[in-house]
Amino acid sequence: MSEPADSADVIVVGAGMAGLTAARELKQAGVSTLIVDKGRAPGGRMATRTINGARFDHGAQHFSARSAEFRSKAAELQDAGVVRSWYEADSRTTPGLRREPRLVGVGGMRRIPEHLADGLDVRMSITIDRLHWDGSEIIALAGNTPIARGSAIILTLPVPQLINLLGASDTQPSTATRDHLGAVSYNPSFAVMATLDAPGGLQDGHLAGPTQDVAWIADNQHKGTSELPAVTIHSTADYAAAHLDADRDQWTDHLANQVAPILEGRIIDAVGHRWMYAEPRTTFDSGAIALDSAPRTVLAGEVFAGAKVEGAFLSGLAAAGAVLEMQ
Ligand SMILES: Cc1cc2nc3c(=O)[nH]c(=O)nc-3n(C[C@H](O)[C@H](O)[C@H](O)COP(=O)(O)OP(=O)(O)OC[C@H]3O[C@@H](n4cnc5c(N)ncnc54)[C@H](O)[C@@H]3O)c2cc1C
C-alpha cells in the first residue's frame, strides 16, 4: 500500500451537518480534521441545486431548533446572516404541532453547510469504500488509493452505506453492532424540481398533503432560495417506495401533473431526484457510538440523535466529544 495523500488528527467521512459539526468542534479544541465526501458540494441531505437559473432546495426544506445547544447554534447562524425564519409553524398549518419558527438557509439550505465548511479541509467527490487500521493509524481508502490517514475516524454516512463500508473493511463490527445498525431502515422520497412561468401562489409558500401521492410542496421563490418561480414537490414515502425502480420520467411527470392544477404558475420544466434515505424509521438517543471492533472509530449521523437536521447537529457534537475523550 502506498502512502496516503494526506493526514490529520481525525478523519471525518461525510460533509453533511453531522460531519461538519464534529469537525468544527474538533477544530475549536485544536484537533485537525480531514473531511472526505463523495458528493460534489458539502451538505449531504441539506441540498440546493440550480437548474437554468431557478434554485431548488430538494432535500431538507427547513428545520426547527428545540435543544438548548441547537437553539444557540441557530441563533449564531442567524446573527451571521446564514439562517432566517421562513414561517411560524403552529397547529393551524400543521395539526398537532407546537408553535415554532421554521428556519431556512438564506439563499438555500446548502448555504448552511457551506458556511460550516468554511476554514475546514473538505475534499469532495471522493467515495471512501474501505478502512484499514494499522497500529495507531487509520487509513481511509477509495479503491486501492489511500486518501486520508488519522489517529481517529468519525463516520457519518447513512446507516446502509455505513454497513457497506464497514463490511468491506479490515475489521468487521461485532454481531451486537451489526444487529444494532441492521435495525435501521429509511423511508425513501422523490423530489421533483419544477420551474414555473409565474409565481406558485401557495399561501405561506408551502402546502402539506395536497394529493394522495404528494406529501409537501415548497415554494423556493417564497422562501428566498430562488429568484425565479420554482417549487419542489416531495412525494409521500409510500409512493416513492412503490415506484423506486420505475422510470424517473414517469414519476416526475406523475407528481408534476398532480400538483399543476394547484399552482398559479404553469410548470415549464420538471427534474426528478430520488432520495433512498430521506427519513429514518428508527433512531437512537446515544448521540454517537464508538465501534466495538476497531479502535478510535466513532459512528455518528442524524440516526444516532433523533433524526432531522437537529439530530445530525447533536450527533456531530457527541462524536467530537467522544473523540476528544479518546485522546
Ligand atoms: C427529501 C428530504 C426532506 C427532508 N426534510 C427535512 C426537514 O424538513 N427538516 C429536517 O430537519 N430534516 C429534513 N430532512 C433530513 C435532514 O436533511 C437530515 O436529517 C440531515 O441533513 C442528515 O445529516 P447527516 O450529516 O446525518 O447525513 P447526510 O446529510 O446524509 O451526510 C452524509 C454524507 O456522507 C456522504 N457519504 C456517504 N457515503 C460516503 C462514502 N462512502 N464516502 C464519502 N462520503 C460519503 C454523503 O455524500 C453525505 O454528504 C430531509 C431529508 C430529505 C432527504
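What follows draws every value from the coordinates through simple rules; no lab data is involved. Please read these numbers as outputs of a predicted model, since none were measured by experiment. Cβ placement follows ideal geometry from the backbone for every residue including glycine, while neighbour counts extend to all protein chains displayed.
Which percent of the Cα-Cα distances in segment 239-327 go past 19 Å?
Values: 2303 of 3916 pairs.
I get 59 percent for the Cα pairs in segment 239-327 exceeding 19 Å.
Could you work out how far the C-alpha centroid of segment 54-88 sits from that of segment 152-191, in angstrom?
With segment 54-88 and segment 152-191 each reduced to a Cα centre, they are spaced 28 Å.
What do you get when you divide the Cα radius of gyration of segment 17-164 by 2.2 N^0.38 Å, with N the number of residues? Don't skip to the end; give the middle numbers.
On the way: Rg = 17.7 Å, N = 148, 2.2 N^0.38 = 14.7 Å.
That ratio works out to 1.20.
When the helix-only estimate is applied to the chain (DSSP H runs of n ≥ 4, each -39,500 (n - 2.57), divided by the residue count), what is the mean residue ellipticity at 222 nm, nearest 500 deg cm²/dmol?
Calculated from helices alone, the mean residue ellipticity at 222 nm is -8000 deg cm²/dmol.
Report the percentage of all Cα-Cα pairs in segment 237-289 whose separation exceeds 18 Å, rounded to a whole percent.
Numbers: 666 of 1378 pairs.
Roughly 48 percent, rounded to a whole number.
How far, in degrees from 0 to 90, does helix 17-28 lean away from the longest principal axis of the Cα atoms of the chain, to the nearest 10?
That works out to roughly 50 degrees.
Please report, in debye to the nearest 20, how large the charge dipole of segment 50-182 is about its Cα centre when each Lys and Arg carries +1 at its beta carbon and each Asp and Glu carries -1 there.
On the way: 15 positive and 15 negative charges, 109 e Å.
The dipole of segment 50-182 has a size of about 520 debye.
So what is the relative contact order for segment 27-158, in percent, with contacts set as C-alpha pairs under 8 Å and at least six apart? Please report the intermediate quantities before stating the final value.
Details: 191 pairs, mean separation 34.7, N = 132.
Contact order relative to length: 26 percent.
For segment 175-297, how big is Rg over Rh, using alpha carbon atoms and the Kirkwood form of Rh?
On the way: Rg = 18.4 Å, Rh = 16.2 Å.
Ratio value, two decimals: 1.13.
Treat each spin label as a single point 7 Å out from the Cα along the C-beta direction, and report the ASP134 to ARG66 distance in nm.
The answer from the label model is 4.5 nm.
Could you give the radius of gyration (one decimal) and Dmax (whole number) of the Cα atoms in the chain, in Å?
Cα-based Rg and Dmax for the chain come out at 20.1, 63 Å.
Cα axis of helix 248-259 to longest principal axis of the chain: angle in degrees, 0 to 90, nearest 10?
That helix lies at roughly 40 degrees to the long axis.
Which trypsin sites (Lys or Arg not before Pro) does segment 256-327 hold that lie in a coil by DSSP with at most 12 other beta carbons within 10 Å? Display every interim value, and only then the final one.
Working: sites: ARG266, ARG274, ARG281, ARG296, LYS308; in loops: ARG266, ARG281, ARG296.
Loop-located and lightly packed - ARG266, ARG281.
What is the dipole size for the chain, taken about its Cα centre, with +1 at each Lys and Arg Cβ and -1 at each Asp and Glu Cβ, in debye to the nearest 20? Don't skip to the answer; put the middle values down first.
Numbers: 28 positive and 38 negative charges, 71 e Å.
It comes to approximately 340 debye.
Before anything else, pin down the relative contact order of the chain: Cα pairs under 8 Å, at least 6 apart, normalised by residue count, whole percent.
Values: 767 pairs, mean separation 70.0, N = 327.
Rounded, it is 21 percent for the chain.
Percent relative contact order of segment 77-234, based on C-alpha pairs within less than 8 angstrom and at least six residues apart? All intermediate terms of the calculation are to be shown ahead of the outcome.
Values: 216 pairs, mean separation 25.0, N = 158.
So the answer I get is 16 percent.
For segment 1-67, taking Cα atoms only, what is the radius of gyration to one decimal and the Dmax to the nearest whole Å?
My reading of the Cα-based Rg and Dmax gives 15.4, 47 Å.
By how many degrees, 0 to 90 and rounded to 10, does the Cα axis of helix 68-79 deviate from the longest principal axis of the chain?
60
Divide the volume of the convex hull of the Cα atoms of segment 142-188 by its number of residues and quote the answer in cubic angstrom per residue.
Values: hull volume 4.8 nm³, N = 47.
Cα convex hull per residue, to the nearest whole number: 102 Å³.
Give, as a single signed number, the net charge of other residues whose beta carbon lies under 12 Å from the beta carbon of PRO173, with Lys and Arg counted +1 and Asp and Glu -1. All intermediate terms of the calculation are to be shown ahead of the outcome.
Numbers: positive: ARG178; negative: ASP170, ASP179, ASP292.
Value of the local net charge: -2.
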